[in-house]
Amino acid sequence: MNTAAQTFRVAFTTLALASALSLAHAAEPIKIGVSGPFTGGSSSMGVSMRDGVRLATDEINKAGGVLGRQIQLVERDDEAKNERGVQIAQEMISKEKVAATVGYINTGVALASQRFYQEARIPVMNNVATGSLVTHQFDDQPENYIFRNAAHDSIQAPMIVEEAVARRGFKKVAILADSTNYGQLGRSDLEKALELKGIKAVAVEKFNIKDVDMTPQLLKAKEAGADVVLTYAIGPELAQIANGMTKLGWKVPMIGSWTLSMANFIDNAGPGGEGARMPQTFIQEPTTPKRQSFIISYLKTFNPKNARIDSPVSAAQGYDSVYLLAAAIKQAGSTDGPKIKAALEDLKTPVDGVVTTYNKPFTAKDHEAITANIPVFGEVKGQRVVYAYEGDFKKASDVRVKDVNAKGALVVKK
């Protein structure tokens, strides 16, 4: 074989090998982490979120994936424990090599865990955790890799106070919040929102996760003359509040954060939970074609009890979070963390979601997709959550979109 032929053969072999490697890389799945509590008291939220994420991922993969690659979910149960969340974050980064992570139900777990993604320059899409600090944890750093598509507590707390004080005219407010970061940060936001109305709570009581007797806290609220109870906690303990009121023969309205919509509050509280109200970004009603399609697919795929999603908000926001990430990866043309972050901060194409249509949902300085004009009030009625106000239900087909000038949210101190 002459030199020219040998050179051609080597070049051809090299090109073929490069092409094969390129095709192999193109076929590799895009790994996305999913972290949440799939067991325990927060599991209504965690499982619903995970199932929403799975549904979106399946739809995207059936449509050809992203960049010609399938999305592969790497799911881990953080058990609502900070230390477990930290272990999972380290594993997702060093072992699984995820391109991004979605999830975080519990504010405490998010705050403990997401610093590892920040250091690794890997985006996190918080789709449920609502602590106001979550997206501002790294404001002192040049770049921020933490995003959110849930209504943070600085939106919810003023809504709760507005509902209790302005709309319904209650004067003597009691606050009952759990001892977690979520509960105490939310309690602080409620007190700030009350202060803006010139009101001080007549009782502020705390309890722990897994507490089953709220009698001492409720008696203090009752003796202080409270005519409404504002809550910041999760389902099982919220049910204990409702059940405790029933045992005491003292019934005043419960108005609280979005977690009053959890199945394990509604089911465990029974009649005592009827009438509880809470902010919601999504209520399980087919008010738009997108919501109808989502509800039908979710019920068909996961067959939840009584055709009721355990935590509709978690499911919808979980679903939307994957589509937001997929849009960013497609626009970036890459799974590189900084490029995904840059794309999220400047999404060129609107994302048609269940909660809203995400049109420029983020900027470099604003990592919150939801503004104060988007949530509405839900109410527990007949063992499910419905629109609290007929006017909101009648207008539900008009999708509420992000408005950076929307009034009503507390200013988050950075």
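The values are calculated or read from the model by the stated rules, or taken from the named source; none is laboratory data. Quantities reported herein were computed from a predicted structural model and do not represent experimental measurements. Every residue, glycine among them, receives a Cβ derived from its backbone with ideal geometry; neighbour counts consider all protein chains shown. When the accessible area is computed, the model is the full protein with side chains, heavy atoms only, and any ligands, DNA or RNA have been set aside. Shrake-Rupley method; radii C 1.70, N 1.55, O 1.52, S 1.80 Å.
Normalising by the residue count of the stretch 280-399, find the relative contact order in percent from Cα pairs under 8 Å and 6+ residues apart. Don't skip to the end; give the middle numbers.
Values: 137 pairs, mean separation 31.0, N = 120.
Relative contact order, the stretch 280-399: 26 percent.
Using only protein heavy atoms and a 1.4 Å probe, report how much of residue 377 is accessible, in Å² to the nearest 10.
Approximately 10 Å² for this residue.
With the radius of gyration and the Kirkwood radius both derived from the Cα set of the chain, what is their ratio Rg to Rh?
Details: Rg = 23.2 Å, Rh = 22.1 Å.
Taking Rg over the Kirkwood Rh, I get 1.05.
Can you tell me the length gained on complete extension of the stretch residue 172 to residue 220, counting 0.36 nm per residue apart and subtracting the Cα distance? List each step's numbers first, then the result.
Working: separation 48, 0.36 × 48 = 17.28 nm, distance 1.27 nm.
That works out to 16.0 nm of additional length.
Quick one: how many Å² of residue 220 are accessible to a 1.4 Å probe, rounded to 10?
About 110 Å², ignoring ligands and nucleic acids.
Grab the beta carbon distance between residue 196 and residue 296, set R0 = 45 Å, and tell me the FRET efficiency rounded to 0.05.
0.60
Tell me, what is the per residue accessible area of the chain in Å², probe radius 1.4 Å?
On the way: 17600 Å² over 414 residues.
So the chain comes to 43 Å² accessible per residue, rounded to a whole number.
Based on the alpha-carbon gyration tensor of the stretch 194-332 and its eigenvalue square roots a ≥ b ≥ c, which shape applies: rounded if a/c is under 1.5, prolate if not and a/b is larger than b/c, or oblate?
Values: a/c = 2.66, a/b = 1.87, b/c = 1.42.
Note, shape of the stretch 194-332 comes out prolate.
I'd like the accessible area for residue 296: 1.4 Å probe, protein heavy atoms, all chains in place, Å² to the nearest 10.
For residue 296, solvent-accessible area is about 100 Å².
Between residue 175 and residues 5 or more places away or on another chain, which pairs have amide H atoms under 5 Å apart, with H built 1.01 Å from N, and which residues are they?
The list, which skips near neighbours in sequence, is 203, 204, 205, 230.
Compute the FRET efficiency between residue 61 and residue 305 as 1/(1 + (r/R0)^6), taking r as their Cβ-Cβ distance and R0 = 35 Å, and round to the nearest 0.05.
Details: r = 27 Å, r/R0 = 0.79.
Efficiency at R0 = 35 Å is approximately 0.80.
Which value in deg cm²/dmol, rounded to the nearest 500, describes the helix-derived mean residue ellipticity at 222 nm for the chain, given -39,500 (n - 2.57) per DSSP H run of n ≥ 4 and division by the residue count?
Details: 13 runs with 172 residues, N = 414.
Computed ellipticity for the chain at 222 nm equals -13000 deg cm²/dmol.
Quick one: 3J(HN,Hα) in Hz for the stretch 342-358, Karplus 6.51/-1.76/1.60 with θ = phi - 60°, rounded, Gly and Pro as x.
So the J values, rounded to whole Hz, are 4, 5, 4, 6, 8, 5, 7, 10, x, 10, 7, x, 7, 6, 7, 8, 8.
Rounding to the nearest 10 and keeping the result within 0 to 90°, find how far the Cα-based axis of helix 3-27 lies from the longest principal axis of the chain.
Roughly 10 degrees between the two axes.
Relative to the longest principal Cα axis of the chain, at what angle does helix 43-62 sit, 0 to 90 degrees, rounded to 10?
30
Hey, what angle do you get for helix 312-332 against the long axis of the chain, alpha-carbon based, 0 to 90 degrees rounded to 10?
Approximately 30 degrees, to the nearest ten.
If only Cα atoms are counted, what is the Rg of the stretch 282-376, and what is its Dmax, in Å?
Taking only Cα atoms of the stretch 282-376, I get Rg and Dmax of 14.7, 43 Å.
For the chain, the longest stretch holding no GluC sites (Glu not before Pro) located in a DSSP loop with at most 16 other Cβ atoms within 10 Å is which? Provide the component values of the computation, followed by the final result.
Working: sites that count: 143, 274.
So the longest stretch without any such site is 1-142.
Compute the relative contact order of the chain as a whole-number percentage, counting only Cα pairs closer than 8 Å that sit 6 or more residues apart in sequence. Please list the in-between numbers first.
Values: 821 pairs, mean separation 71.4, N = 414.
Worked out over the chain, it gives 17 percent.
So for the stretch 263-320, averaging the separation of alpha carbon pairs under 8 Å that are six or more residues apart and normalising by length, what relative contact order in percent results?
36
At 7 Å along Cα-to-Cβ for each site, give me the label-to-label distance between residue 115 and residue 39 in nm.
2.8
Of all DSSP beta bridges located in the chain, what percent are antiparallel, nearest 5?
Details: 11 of 43 bridges.
Bridges in the chain that DSSP calls antiparallel: roughly 25 percent.
Between the stretch 329-397 and the stretch 117-171, what is the separation of their alpha carbon centroids in Å?
Cα centres, the stretch 329-397 to the stretch 117-171: 13 Å.
Please enumerate, by chain and number, the aspartates and glutamates with C-alpha under 13 Å from the C-alpha of residue 330, excluding those fewer than 8 residues away in the same chain.
List returned: 346.
What are the ³J(HN,Hα) couplings of the stretch 294-308, residue after residue, when phi is run through the Karplus curve with 6.51, -1.76, 1.60 and θ = phi - 60°? Round to Hz, x for glycine and proline.
3J(HN,Hα) across the stretch 294-308, in whole Hz: 4, 4, 4, 5, 5, 5, 5, 6, 10, 6, x, 4, 6, 6, 10.
Using 7 Å Cα-to-Cβ label points, what is the residue 75/residue 346 separation (nm, one decimal)?
Placing both labels 7 Å along Cα→Cβ, they lie 3.6 nm apart.
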